[in-house]
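Remarks on the structure that follows.
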Ligand code: NAP
């Protein structure tokens, strides 16, 4: 395809992609294929995004490698060998570096380039991106591949700065690693990250104190390496694997964090199960057996019954009854993103592990020597914060993004809640594409499958604009409102809106963030169908000119 020289007026680039994670790398490749002048601006000194920063002990994907990987290039599929079923952080980081080199992307990535502000210039229909170091870049289009779990949520605990030991953040974990040997360690947080890190840190640390504010539902799924020849067998079947993935509701048809939820729907209800049947379920399948019932996702009474049974299953693993009782959640199952673990509950039988149940007394402050709570003080050498993210909107909200008529994205999302059309564009911000913005399937799906669809749709859109000689595309307010209403209607009355669920799914984990369910739960196939239909309908709901 010929370069789009001239189409961007005075802008240096046709497209600037912000972020060199999974989404940004594919986006750069896609727009370069279209012959557009493009680059990535990346804050870090390396590719990987979330998978570069989140290198804490035990960091691992909860979706199978053959599905948590790009499907767009058969060459990449055939040249890359996965060694583990559920890939660890190091292997995913290596994969993304392989893809970067295989597609020769590095020459168009500006590392150490931290975008601080993006401003739309209406007369020229271009964006100016200003970096923290004072550089400026201009482009007709921006693709914000800034990640949905990329902005760390640093808790506001009094005295954090006074701690004299080592303070680590799972989402900004030291590149050189960290040796917990001989250390008294506090881990704060029991989401996917804390649950994954706990068993690994416990093996090294002299003593581990796990500070739990909300107990987690977590389902064991031990990672394993592929048997000899096993991966090669899968590699030969990629077309079949990808086809199944493509038609799967969550963009992953094999083992993954959501498998249990999908399996549960197929099973008989807990409400009519006899006591013997309930006990047989946990006898056979442990904690999973407690949760996998056909009615738990739709009936709160059934959900509560499953939680009680879950507690019984935990008590069969965790020897200390007080600890076992503390590990039982008090929010409904499945209203937060599912977690899978490797030996989490067994870890509490170790003599060097203490669960600090913050429901019995909250953290008061971090002190120079540890953590002071309403139930006592804990002296530690190291604190590992696994406290989550300002998800989906956080990365863009924390930049200064100024659209048409001087509208500020952060203010728009703060006042009205995080809205967007399809999760791809926000009204008032022409020519700015978001990958997996609010209202897209990202949260409740395989991110990689979801982002591939986004990148391909955006690529087709850019090709269309160029072919028609258009300079600008912007979501209309009315289409955005309709989409938000549609996405909200899908979760109406569901467990996802339970008031006791404070989660990154609904923004309730971030102080001051408007509580809105941030995903699209109609499934990727239906979402794709709608996006395709909108494009075929001349980009209905967008103003193009
Ligand atoms: P998260 O699910 O938001 O969990 C954060 C944890 O920190 C929660 O337990 C939270 O408690 C706690 N917390 C926050 N502030 C606190 C405070 N001031 N005091 C005490 N506790 C505090 O974050 P995450 O574990 O990083 O996981 C986020 C998402 O990343 C996951 O849902 C998943 O999508 C992805 N992820 C995936 C994997 C994987 O593939 N296996 C691994 C890691 C992460 P409350 O619940 O009470 O707020």
Task: Number of the condition not met by residue 299 [criteria: (1) away from the ligand (no atom under 16 Å from the Cβ); (2) modelled with pLDDT of 95 or more] - done: (2)
Open item on the list: Need the failing condition index for residue 249 against (1) more than 16 Å from the ligand (Cβ to nearest atom); (2) under 30 Å from residue 440 (Cα atoms); (3) part of a loop (DSSP other than H, G, I, E, B); (4) out of contact with any helix residue (DSSP H, G or I) (no Cβ under 9 Å at 6 or more places or on another chain), just the number.
Closed with: (4)
- [ ] State whether the residues of the stretch 249-258 include one that is crowded, with 21+ Cβ neighbours inside 10 Å, modelled with pLDDT under 95, out of contact with any strand residue (DSSP E or B) (no Cβ under 8 Å at 6 or more places or on another chain) and within 25 Å of residue 313 (Cβ to Cβ).
- [x] yes
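Per-residue answers, yes or no, for (1) in contact (Cβ under 8 Å) with a residue 60 or more places away in the chain; (2) closer than 30 Å to residue 243 by Cβ:
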{"position": "406", "(1), (2)": "no, no"}
{"position": "410", "(1), (2)": "no, no"}
{"position": "432", "(1), (2)": "yes, no"}
{"position": "436", "(1), (2)": "yes, yes"}
{"position": "440", "(1), (2)": "yes, yes"}
{"position": "451", "(1), (2)": "yes, yes"}
{"position": "475", "(1), (2)": "yes, no"}
Task: Cβ-Cβ under 8 Å pairs, at least 6 apart or on other chains, the stretch 496-523 side over 26 Å from residue 251 (Cα atoms), far side assigned to a helix (DSSP H, G or I) and within 12 Å of the ligand (Cβ to nearest atom) - done: 510/394
Task: Residue match in the stretch 474-497 (condition: within 16 Å of the ligand (Cβ to nearest atom), more than 21 Å from the chain's Cα centre (by Cα), over 27 Å from residue 460 (Cα atoms) and part of a loop (DSSP other than H, G, I, E, B)) - done: no
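Among the helices (runs of 4 or more DSSP H) contained in the stretch 1-120, which hold 2 or more residues that are within 16 Å of the ligand (Cβ to nearest atom) and modelled with pLDDT of 95 or more?
The helices (runs of 4 or more DSSP H) meeting that bar are 22-33, 50-53, 89-102.
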Task: Residue under evaluation residue 461, criteria (1) surrounded by fewer than 18 Cβ atoms within 10 Å (Cβ to Cβ); (2) more than 23 Å from the chain's Cα centre (by Cα); (3) part of a helix (DSSP H, G or I), criterion not met - done: (1)
Open item on the list: Please go through the stretch 516-545 and give me each residue that is closer than 25 Å to residue 494 by Cα and outside any helix (DSSP H, G or I), ordered by number.
Closed with: 516, 517, 518, 519, 520, 521, 522, 523
TODO: Residues that are more than 30 Å from residue 460 (Cβ to Cβ), under 24 Å from the mean Cα position of the chain (by Cα) and within 16 Å of the ligand (Cβ to nearest atom): find the strands (runs of 3 or more DSSP E) completely inside the stretch 132-238 holding 2 or more of those.
DONE: 166-169, 184-188, 207-212, 218-220
Open item on the list: Among the listed residues 261, 255, 292, identify the single one that is touching a residue at least 60 places away in the same chain (Cβ under 8 Å) and within 25 Å of residue 492 (Cα to Cα).
Closed with: 261
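The values are calculated or read from the model by the stated rules, or taken from the named source; none is laboratory data. None of the values given here were measured: they were computed from a predicted structure. In this analysis, Cβ positions are derived from the backbone assuming ideal geometry, glycine residues included, and neighbour counts consider all displayed protein chains.
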